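Down below is the structure, laid out as structure tokens.
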Amino acid sequence: MFAQIVDGFATMLTPMSILLILVGVIAGTILGAIPGLTATMGIALILPVTFYLDPIMGISMLIAMYKGGMFGGSISAIMFNAPGTPAAAATALDGYALKKKGYPRKALRLALISSTVGDLVGNLTLIFSAALLATVALMFGPPENTALVIFALTLIVFVTGNSISKNIIAILIGLMLTTMGSDPQTGIPRFDFGIIGLSGGISIIALVIGLLAVSEVFQTMEDHYRSKVNKSKPGNSDNDSINVIAAKEDDNITLKDINDVKRTLGRSSVIGTVIGALPGLGPVTAAFVSYAQARSKSKNKKKFGEGEKEGLVAAETANSAVGSSNLIPLLSLGIPGDATAALIFGALIIHGIIPGPQLIQNNGSIVYGIFAGMLLATLFCLIFNWYASNIYRKIAVIRPTVLIPVILVLCIAGTYGYSQATFDIIVMFVFGVVGYIMRKVEIPLVGIIIGFVLGPRLEESTRQALSISGGKIDVFFMKPISLFLLLLSLFIILNFIRKTIKTKKNMNNDIGL
């Protein structure tokens with residue numbers, strides 16, 4: 001075993017291997033930063049090229065692209081509120097708000113450190129305990145997956161935001177949107193209203209970019225117009241503060257910033273790693289569950305969504321931890337955890353490497369070489385983006401009249417590039433208008449996205465569980481894991497009700513009723 005580790009690391013530490021990993025990180029970061037053009041797309045395009053490379057070099061380059069893309073998505077999320085990847089939608093909640101306060105570099109570097117920590121924890125977990133976590137993942141069937149999604153939705157409804165009713169409305173909107181398209185089991189069209197473009201459902205990229213980025217563009221245009229009107233009024237000659245968000249002098253990360261969020265870093269790394277080890281859930285689920293958990297544990301709950309460091313750290317740490325831990329079921333059991341893992345599965349097959357329980361025994365030096373490449377990719381991602389953040393932050397001082405057209409072009413290009421469908425551009429603008437209206441009535445946009453992301457998983461798992469049990473609902477209470485998660489969800493609801501009653505009782509006592 002030791003000889004295989006040495007051989008694998010020696011193969012990785014060559015000039016060509018190092019160069020390919022660096023190229024992968026930079027390319028992935030750029031692709032991830034452009035809304036819609038995800039690193040997964042880049043991996044799919046260069047996958048055939050790996051056939052001509054050494055297995056360790058080729059697969060490590062693919063993984064490096066994925067890691068770069070995971071952080072790249074947070075760059076546009078923080079700078080434009082336009083998540084480069086769906087997983088970065090949670091990062092945008094506090095990252096963009098922190099940037100608007102005049103701390104773009106602090107937000108970027110805090111996200112980078114969070115991403116590095118989560119990624120490193122995921123790497124080490126994959127290396128040392130892949131077999132153990134894969135065994136746990138095997139225990140999750142349809143009933144357990146259903147209960148896990150219900151638990152995640154319960155967390156998000158009752159521990160994020162100030163209005164439970166608006167959270168529920170947002171989640172329900174997201175869940176209803178997932179029913180458009182083809183039935184996942186029968187393939188029969190449903191709720192497509194005879195529109196061919198909706199026959200395959202709504203594109204998640206069109207929805208996320210429309211709700212977050214395009215609606216933000218509309219809001220910025222309104223604010224810019226109002227500032228011009230106010231400035232033109234007699235006696236009002238103040239500077240147009242909305243045009244330029246100047247970075248403040250202390251726009252840098254400090255040891256105190258890291259110390260303030262160290263518990264969130266650890267907790268979110270664990271959440272992301274565990275969720276990543278469960279096939280099918282992915283970084284979006286991990287990011288929002290971690291965000292909700294961080295808010296429930298924070299002393300500054302009301303500041304979440306307004307530039308709270310813990311919110312940014314929780315989201316970015318968890319989604320990055322998934323980037324490595326989702327390879328656990330792939331390498332240990334031969335089960336791809338998400339689309340990227342499926343592409344890497346294809347790369348392994350191209351080289352005649354069969355993922356599964358015998359992988360390390362049969363191809364130990366290759367596996368450990370890939371592990372070394374993953375650690376090297378994490379290091380390169382940290383170094384490259386740490387210094388590149390000085391360039392990213394300069395975007396913060398670009399005037400809206402210049403920036404808005406650029407963002408719209410990127411949104412259109414990203415949406416079209418993701419699906420190659422002109423119809424999705426229309427969908428993007430429709431959701432841009434919807435998001436703009438939702439902002440006015442204070443319906444949380446993130447709730448719609450969460451419902452849309454988790455909806456298919458909830459429907460698929462529930463229908464599978466009921467099919468297995470012959471339609472009996474007790475299947476969800478007969479499995480220990482699903483029962484525990486459902487009871488935990490019930491506890492959260494009852495605890496919220498208890499706190500609400502107690503708060504009202506204290507208010508009545510204060511006013512003498």
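Values quoted throughout were computed directly from the atomic coordinates according to the rules given, and no laboratory measurement underlies them. All figures in this text were calculated on a predicted structure; none of them were measured in a lab. Using ideal geometry, Cβ is built from the backbone for each residue, glycine included, and neighbour counts are taken over all protein chains shown.
Simple spin-label estimate for residue 388 and residue 413 gives 1.5 nm between the two label positions (7 Å along the Cα-to-Cβ direction from each Cα).
Shown for 218, 380, 193, 288: other C-beta atoms within 10 Å of each C-beta, ranked fewest to most, produce the order 193, 218, 380, 288.
Cross-link pairs exceeding 24 Å between alpha carbons, from the set 299/479; 101/303; 67/302; 67/256; 262/297: 299/479; 67/302; 67/256.
The stretch between residue 270 and residue 196 holds 22.4 nm of extra length on full extension. This uses 0.36 nm per residue minus the Cα-Cα distance. On the beta carbon distance between residue 379 and residue 101, with R0 = 35 Å, the FRET formula returns roughly 0.70.
Applying 1/(1 + (r/R0)^6) with R0 = 25 Å to the Cβ-Cβ distance of residue 176 and residue 426 gives a FRET efficiency near 0.80.
The loop-placed GluC sites (Glu not before Pro) in region 385-465, going by DSSP, that have at most 15 neighbouring Cβ atoms within 10 Å of their Cβ come out as 442. Spacing of the modelled spin labels on residue 168 and residue 504, each 7 Å from Cα toward Cβ, amounts to 1.3 nm. Here the spin labels are modelled as points 7 Å beyond Cα on the Cα-Cβ line, and at residue 354 and residue 433 they lie 5.6 nm apart.
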